[in-house]
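**Q** Structure in structure tokens, see below.
The values are calculated or read from the model by the stated rules, or taken from the named source; none is laboratory data. Since the model is a prediction, treat every value here as computed from it, not as a measurement. Counting neighbours? That spans all protein chains shown, and the Cβs are built from the backbone with ideal geometry, glycine included.
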Amino acid sequence: MASEIVARFTRQFINGPIISADNLRVACATPFLTVLFGSSGSGKTTMLRCLAGLEKPDSGTIKFGDELWFDSSTSVFVPPQQRNIGYLSQDYALFPHLNVVHNIGYGLRGLPAGEKAVRVTELMRLLGLEEFGRRFPRELSGGQQQRVALARAVVRRPRLLLLDEPLAALDTPVRTRLRGELRRLLTQFGIPTVLVTHDRTEALALGDDLVVMDNGKNIQQGPPHEVFSRPASLAAAGAVAVETVLPGRVVEVGDLVTVAVGTIKLTALGGDLPPGTAGVYVCIRAEDVILMRGEGVRSSPRNCLPAVVRSLVREGPMMRIDLDCGFPLAALLTKQACEELELDKSLQVLALIKAPNVHLIPH
């Protein structure tokens, strides 16, 4: 049976924030990747370091299966070297005076030389590092350094791998390319992994389970697509950056729910709303808004809103369109789609939103 980390602890810094794990559960199936997600300062790295044993909580417990790693009531604290984990920090922390072979093999002291060489050679081949064995960290690119650091973390064959923003130090093109490669490698290693990131694309591409961190607390956990599309609270909606969040009131409940935002009525799914809910927050992701010109085809599960374009702003390869449809609404389209629609400021358009994409949070 696969083990599971169960953590309930607090860690307080002098004149600083309180980091609190409230029944945090990390499945340690093979392979399985849990993402700790949130903005800078939300407590992700501290949470990871407490799981690693690099930070000691002030109170609470941390269990790995039947093993007790930390218990403040009985003064139990298992140091990191006894937890059999691999840890990769944001800056990779490679030894500048050691070449690639010696960096990777550093944690294998005590093994017979033959077995040590086999493990290092095997990982270098798997990670495409064979030709860099004699190079020093300063002679490697960012992507190569990242692979060396990953090799050093897994060469001891740990039962758990902890990665702190492993791609954050890389340029955008390299980060994009290595994202898929990292997922493939972690699957191939077969080591359950906890990864910290503030990047939504990274979380969706890599994670099997998502833990949302906000203000030092884990506030929601579940499959990444579910959490991003259906945040459970206003704080979670802010943490996962839902672009449109507006107060509304429920005016009709049936198979679908009718909600008023000001004078505009929207149709939504409301199966998970508690009975008698009157006030809600209406959440709409920009990527779920469809824009069109001309007459729209109305149907019961779709909202069709006349809107005026207020601004167009480039966001990487996409364009963010701010609309006024009786309330502020954001849409996200490709540059090509904007050109095909001939979008421009003050243009009148129709904003289409499917009912399942209108998410309601009880007020």
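**Q** Would you mind stating whether THR277 is among the polar types (S, T, N, Q) and at pLDDT below 95? Before you say what the answer is, go through the steps one by one.
**A** Details: among the polar types (S, T, N, Q): yes; at pLDDT below 95: yes.
Answer is yes for this residue.
**Q** Return the pair list, or none, for Cβ contacts closer than 8 Å from residues in the stretch 40-65 that are in contact (Cβ under 8 Å) with a residue 24 or more places away in the chain to residues that are assigned to a loop (DSSP other than H, G, I, E, B) and of a type in the set (Val, Ile, Thr), at least 6 apart or on different chains.
**A** Short answer, once both residue conditions are applied: GLY53/VAL78.
**Q** Could you check, for the stretch 51-72, whether at least one of its residues is loosely packed, with under 14 Cβ neighbours inside 10 Å, at pLDDT below 95, in the same structural domain as LEU210 (by TED's automatic domain parsing) and under 26 Å from MET124 (Cα atoms)?
**A** The answer is no, given that none of the residues of the stretch 51-72 is loosely packed, with under 14 Cβ neighbours inside 10 Å, at pLDDT below 95, in the same structural domain as LEU210 (by TED's automatic domain parsing) and under 26 Å from MET124 (Cα atoms).
**Q** Also, I was wondering about something else. Within the stretch 79-128, how many residues are more than 28 Å from the chain's Cα centre (by Cα) and in a loop (DSSP other than H, G, I, E, B)?
**A** 9
Here's the yes/no breakdown for (1) under 25 Å from ARG230 (Cβ atoms); (2) surrounded by fewer than 19 Cβ atoms within 10 Å (Cβ to Cβ); (3) in contact with a helix residue (DSSP H, G or I) (Cβ under 8 Å, 6 or more places away or on another chain); (4) at pLDDT below 95:
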{"residue": "ASP255", "(1), (2), (3), (4)": "yes, yes, no, yes"}
{"residue": "VAL259", "(1), (2), (3), (4)": "yes, no, no, no"}
{"residue": "LEU273", "(1), (2), (3), (4)": "yes, yes, no, yes"}
{"residue": "CYS283", "(1), (2), (3), (4)": "yes, no, yes, no"}
{"residue": "GLY296", "(1), (2), (3), (4)": "no, yes, no, yes"}
{"residue": "ARG310", "(1), (2), (3), (4)": "no, yes, no, no"}
{"residue": "MET318", "(1), (2), (3), (4)": "yes, yes, yes, yes"}
{"residue": "ALA331", "(1), (2), (3), (4)": "yes, no, yes, no"}
{"residue": "VAL358", "(1), (2), (3), (4)": "yes, no, no, no"}
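**Q** When only residues in the stretch 230-253 that are closer than 18 Å to VAL289 by Cα and aliphatic (A, V, I, L, M) count, which is surrounded by the fewest Cβ atoms within 10 Å (Cβ to Cβ)? Even if it seems obvious, please write down each step before you answer.
**A** Let us first name the residues in the stretch 230-253 that are closer than 18 Å to VAL289 by Cα, namely 230-231, 237, 240-246.
Pick out the ones that are also aliphatic (A, V, I, L, M) and you get 237, 240-242, 245-246.
Values: ALA237: 23, VAL240: 23, ALA241: 13, VAL242: 23, VAL245: 16, LEU246: 17.
Out of the qualifying residues, it is ALA241.
**Q** Something else now. Which of the residues spanning the stretch 149-206 are over 22 Å from VAL101 (Cβ atoms) and part of a loop (DSSP other than H, G, I, E, B)?
**A** ARG159, GLU165, LEU167, ALA168, ALA169, LEU170, ASP171, GLY190, PRO192, HIS198, ASP199
**Q** For the stretch 295-318, does any single residue satisfy the condition of being closer than 17 Å to GLY248 by Cβ, within 25 Å of the chain's Cα centre (by Cα) and outside any helix (DSSP H, G or I)?
**A** No, every residue in the stretch 295-318 fails to be closer than 17 Å to GLY248 by Cβ, within 25 Å of the chain's Cα centre (by Cα) and outside any helix (DSSP H, G or I).
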